[in-house]
1. Identify, from the list B:76, B:103, B:56, B:63, the residue that is out of contact with any Asp or Glu (no Cβ under 9 Å at 6 or more places or on another chain), at negative phi and within 14 Å of chain A (Cβ to nearest Cβ).
2. Has the range B:131-142 got any residue that is within 16 Å of residue B:27 (Cβ to Cβ), of a type outside the set (A, V, I, L, M, F, W, C), crowded, with 16+ Cβ neighbours inside 10 Å and facing chain A (nearest Cβ under 9 Å)?
3. Does residue A:127 qualify as being of a type outside the set (S, T, N, Q), surrounded by fewer than 20 Cβ atoms within 10 Å (Cβ to Cβ) and either in contact with a strand residue (DSSP E or B) (Cβ under 8 Å, 6 or more places away or on another chain) or away from chain B (no Cβ under 11 Å) (or both)?
4. Tell me which of these residue A:175 doesn't satisfy, since it passes every other one: (1) in contact (Cβ under 8 Å) with a residue 60 or more places away in the chain; (2) out of contact with any Pro (no Cβ under 7 Å at 6 or more places or on another chain); (3) within 12 Å of another protein chain (Cβ to nearest Cβ); (4) surrounded by 18 or more Cβ atoms within 10 Å (Cβ to Cβ).
5. Among the numbered criteria (1) touching a residue at least 60 places away in the same chain (Cβ under 8 Å); (2) closer than 25 Å to residue B:84 by Cβ; (3) surrounded by fewer than 19 Cβ atoms within 10 Å (Cβ to Cβ), which one does residue A:64 miss?
6. Name the single residue, out of those in the range A:180-192 being part of a helix (DSSP H, G or I) and either surrounded by fewer than 14 Cβ atoms within 10 Å (Cβ to Cβ) or touching a Phe, Trp or Tyr at 6+ places or on another chain (Cβ under 8 Å) (or both), that is farthest from the other protein chains (Cβ to nearest Cβ).
7. Looking only at the range B:54-107, which residues are touching a residue at least 40 places away in the same chain (Cβ under 8 Å), of a type in the set (Ser, Thr, Tyr) and part of a helix (DSSP H, G or I)?
8. Sort out which residues of the range B:108-128 are assigned to a helix (DSSP H, G or I), touching a residue at least 24 places away in the same chain (Cβ under 8 Å), of a type outside the set (S, T, N, Q) and within 25 Å of residue A:111 (Cα to Cα), and write them in order of number.
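Every number here is computed from the coordinates shown, using simple stated rules; none is lab data. Quick caveat: nothing in here was measured; it's all calculated off a predicted structure. When we count neighbours, we look across all protein chains shown, and the Cβ atoms used for this are built from the backbone with ideal geometry, even at glycine.
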Amino acid sequence: MTAFFLIFISAAITDNMLLSRFLGMCSCIGLSKKSDTALGLGTAVVFVTSITAALNFLVYNYVLIPSGLEYLTFITFIIVIAATVQFIEMVIERVSPSLYGTLGIFLPLITVNCAILGISLFMLNKPYGFIEAFVFGFGGGVGWMVAIMLISAIRERINEQAVPRGLEGPGITLIIIGIMALAFVGFSGMIR
Amino acid sequence: MAESTSAIFKRSLLSENPVLRQVLGICSALAVTNLLTNTLFMCAGVLFTTAMSNLVLSLMRNVIPQRIRMITQVAVISTFVMVVDVVIKALSPDVHRFIGPYVGLIITNCIIMGRAEAFAASNSPWPSFLDGVASGLGYSLVLIVIALVREPLGFGTILGIALPLKEHWWHQWTIMVMPTSAFFALALLTWVTKNLLGGTK
């Protein structure tokens with residue numbers, strides 16, 4: 001149990017996908033203007049990372065390795081991700097139209113969110129079993145969600161402030177993220 | 001919509017630079033820029049992938065059904081990324097160990113998808129190929145500038161070669177090795193270019 005907890009914490013905080021691995025930057029900068037949007041996108045990411053990390057683990061260990069096809073990793077992973085996203089979209093649409101209303105528009109964006117593919121690829125470098133892989137995916141997703149929500153909360157405030165003209169928009173956002181990343185460096189070394 | 005070659009290059013390198021002006025593809029821009037060698041490998045990979053996938057997708061543009069366009073694009077792009085990955089692994093295993101996962105992430109680099117969608121889907125092969133090369137160069141330009149700031153300040157070297165008289169003036173600026181500095185470097189660069197090129201978006 002402790003082991004799972006450690007994996008979760010390290011994936012979510014010390015190795016935060018957004019702030020120390022820089023994944024999912026594009027969608028983060030594009031969609032962090034409002035905290036509602038950030039929450040919706042974040043939730044969708046958590047869903048998808050947990051499922052795809054587990055699925056990709058199975059595909060990699062039980063299909064690609066036995067048949068000696070490791071060089072097909074990238075294309076397989078991205079297809080698994082695209083298919084999962086499509087599938088989740090259909091399920092949510094049937095089961096809960098209200099949830100679909102909130103998450104629906106974010107799901108297609110997720111296929112090209114590098115955090116999702118990134119989590120699956122980083123997972124390969126670690127000696128994880130099936131459940132650990134799932135926890136790692138879940139933790140990575142939660143970390144990403146927390147980061148984008150914090151950023152969007154700060155951006156909402158910044159919007160009302162005077163910012164040097166050239167820095168408006170992406171420029172100041174990068175600086176905010178930079179400062180937050182510095183803060184997150186403080187967590188490194190917490191878990192060995 | 002016949003855009004001249006020079007217009008394509010000018011647009012992609014400056015006025016619509018993918019990294020600085022459209023804020024695309026910055027994940028890898030931030031992660032690989034602490035050493036110039038890694039940056040150059042990454043840039044070559046992105047350049048090759050944008051150019052080739054634009055070319056192929058433009059050739060295929062009339063036969064791809066609208067509904068599965070996205071997945072076709074992803075499949076074509078990831079094919080080229082696999083080629084890049086194998087080549088980098090063969091040329092320099094050391095570099096590959098460091099940038100390995102980021103090479104895979106070229107697939108989800110928004111620049112490539114963006115160009116495929118915005119340009120190759122509606123233009124003939126040769127301009128699409130040029131557009132791909134130009135966007136790749138625009139991306140490389142920014143990455144190389146950032147790497148040229150980070151590597152000398154963080155390690156006191158350029159391409160792994162120590163700067164002259166390093167021991168007399170150089171003091172390690174640890175933050176430049178850390179990922180965080182990339183955010184600041186990129187933000188300052190956007191600031192400078194925005195002021196130089198003028199105009200708002």
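1. That would be B:76, the only listed residue that is out of contact with any Asp or Glu (no Cβ under 9 Å at 6 or more places or on another chain), at negative phi and within 14 Å of chain A (Cβ to nearest Cβ).
2. Looking through the range B:131-142, none of the residues is within 16 Å of residue B:27 (Cβ to Cβ), of a type outside the set (A, V, I, L, M, F, W, C), crowded, with 16+ Cβ neighbours inside 10 Å and facing chain A (nearest Cβ under 9 Å).
3. Details: of a type outside the set (S, T, N, Q): yes; surrounded by fewer than 20 Cβ atoms within 10 Å (Cβ to Cβ): yes; either in contact with a strand residue (DSSP E or B) (Cβ under 8 Å, 6 or more places away or on another chain) or away from chain B (no Cβ under 11 Å) (or both): yes.
Answer is yes for this residue.
4. Unmet for residue A:175, out of (1) in contact (Cβ under 8 Å) with a residue 60 or more places away in the chain; (2) out of contact with any Pro (no Cβ under 7 Å at 6 or more places or on another chain); (3) within 12 Å of another protein chain (Cβ to nearest Cβ); (4) surrounded by 18 or more Cβ atoms within 10 Å (Cβ to Cβ): (1).
5. The number of the failed condition is (1).
6. Restricting attention to the range A:180-192, the residues satisfying the condition of being part of a helix (DSSP H, G or I) are A:180-185.
Narrowing the set further to residues that are either surrounded by fewer than 14 Cβ atoms within 10 Å (Cβ to Cβ) or touching a Phe, Trp or Tyr at 6+ places or on another chain (Cβ under 8 Å) (or both) leaves A:181, A:183.
Details: A:181: 4, A:183: 9 Å.
Filtering first and then ranking leaves A:183.
7. Passing the criteria: B:58, B:102.
8. B:110, B:111, B:112, B:113, B:114, B:115, B:116, B:117, B:120, B:121, listed by residue number.
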